[in-house]
Amino acid sequence: ESELRKALELEPREPGVHYNLGRLAWERGDLPEAEAAFRSALRQQPEDPDTLTALGMLAERRGAPAEAEARFRAAVASRPWDPRARYSLGRLLAAQGRTEAESHLREFLRLAPDDPLAPAARRLLKE
């Protein structure tokens, strides 16, 4: 982490550094710091699907499903072939009982049939 902080001092506008600091904060359980780092990354690269998905997951954990959905939809729009964005959106919609979930989960399985999340997607689809 100290190397990333040094990199941030040298390149404060580098979105990858902010994103990676966010991942590290998430891994150690500091979700407010993770969210702040992801928001900094998004300011530098507004359509980055990885950052949008991470912010969507944090919003979902905070109990803000509308914000999570907006983030996941933006991630899918930015990179339609991203399986994780598709899974995240599909899972959220399935939890809300929305039929649109099926198309996103099926697209996730088409894009990444061997992903570790594939069995969970199949359970959501009741396959």
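The values are calculated or read from the model by the stated rules, or taken from the named source; none is laboratory data. Please read all numbers here as calculations on a predicted model, not as lab measurements. A quick note on method: Cβ atoms are made from the backbone with ideal geometry, for glycine too, and the neighbour counts reach across all protein chains shown. For accessibility, only protein heavy atoms count, side chains too; no ligands or nucleic acids. Shrake-Rupley method; radii C 1.70, N 1.55, O 1.52, S 1.80 Å.
Heavy atoms only, 1.4 Å probe, whole protein assembly: order Ser78, Ser88, Ser103 by accessible area, highest first.
Numbers: Ser78 40, Ser88 5, Ser103 70 Å².
So, going from the largest accessible area down, we get Ser103, Ser78, Ser88.
What whole-number value in cubic angstrom gives the convex hull volume per residue for the C-alpha atoms of the chain? If you can, show how the numbers build up before the last one.
Values: hull volume 13.4 nm³, N = 127.
Per-residue hull volume (Cα only) is 105 Å³.
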*Within the stretch 38-81, find all residues whose amide N lies under 17 Å from a label point positioned 7 Å from the Cα of Arg28 along Cα-to-beta-carbon.*
38
*asked:* Between the stretch 71-106 and the stretch 28-42, how far is it from one alpha carbon centroid to the other, in angstrom?
replied: 22 Å
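For the stretch 31-124, which GluC sites (Glu not before Pro) are in a loop by DSSP, counting at most 13 other Cβ atoms within 10 Å? Present the calculation step by step, with values, prior to reporting the outcome.
Details: sites: Glu33, Glu35, Glu47, Glu60, Glu67, Glu69, Glu100, Glu102, Glu107; in loops: Glu47, Glu100.
Passing both the DSSP loop test and the Cβ count: Glu47, Glu100.
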*Looking at the stretch 44-127, which trypsin sites (Lys or Arg not before Pro) are in a loop (DSSP not H, G, I, E or B) and have at most 15 other Cβ atoms within 10 Å?*
Arg62, Arg98, Lys126
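Report, in deg cm²/dmol and to the nearest 500, the calculated mean residue ellipticity at 222 nm for the chain, where each DSSP H run with n ≥ 4 adds -39500 (n - 2.57) and the sum is divided by the residue count. Before the final figure, lay out the partial values.
Numbers: 8 runs with 95 residues, N = 127.
Estimated from H runs of four or more residues: -23000 deg cm²/dmol.
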